Amino acid sequence: MSYFHTNEVTIMNPANLHPQYIIDESNQRCSVILPLTEFEALLEDFEDLAAVAERRKEPTVAHDLLLAELKKDGLL
């Protein structure tokens with residue numbers, strides 16, 4: 001599977017999905033079938049994007065400051 005990157009999240013590339021469509025009596029698409037691995041990857045992407053959206057207004061910390069704090073706390 002191919003992925004592309006946003007600011008904080010890696011997202012599955014929609015061009016690499018393999019949908020199959022269910023059509024109604026009027027030949028209109030009404031449902032989609034995806035391979036399970038692609039469906040699970042999409043669900044994970046939605047969860048990641050929801051987490052990013054929820055935390056969007058939180059203050060940011062510079063990477064070097066974060067590393068220094070983690071080392072100070074004995075976590076690195």
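The modelled label-to-label distance for the pair ARG55/LEU42, using points 7 Å beyond Cα in the direction of Cβ, is 2.5 nm.
If one takes the longest principal axis of the Cα atoms in the chain, at what angle in degrees, from 0 to 90 and to the nearest 10, does the Cα axis of helix 36-54 lie? Result, in degrees: 50.
Using the alpha-carbon atoms, what tilt in degrees (0 to 90, nearest 10) does helix 63-72 show relative to the longest principal axis of the chain? Here the helix axis deviates by roughly 60 degrees.
If each residue of separation counts as 0.36 nm, what is the full-extension length gain between ASN16 and GLU69 once their alpha-carbon separation is subtracted? Can you show the working numbers first?
Numbers: separation 53, 0.36 × 53 = 19.08 nm, distance 4.00 nm.
Length gained between ASN16 and GLU69: 15.1 nm.
Computed log10 I(q)/I(0) for the chain at 0.16 Å⁻¹: -0.80, from the Debye equation with unit scatterers placed on every C-alpha and solvent omitted.
Throughout, read-outs are computed from the coordinates displayed, never taken from laboratory work. As the structure is a computational prediction, the values presented were derived from the model and not from experiment. Neighbour counts are summed over all protein chains in view; Cβ atoms, including those assigned to glycine, are modelled from backbone coordinates with ideal geometry.
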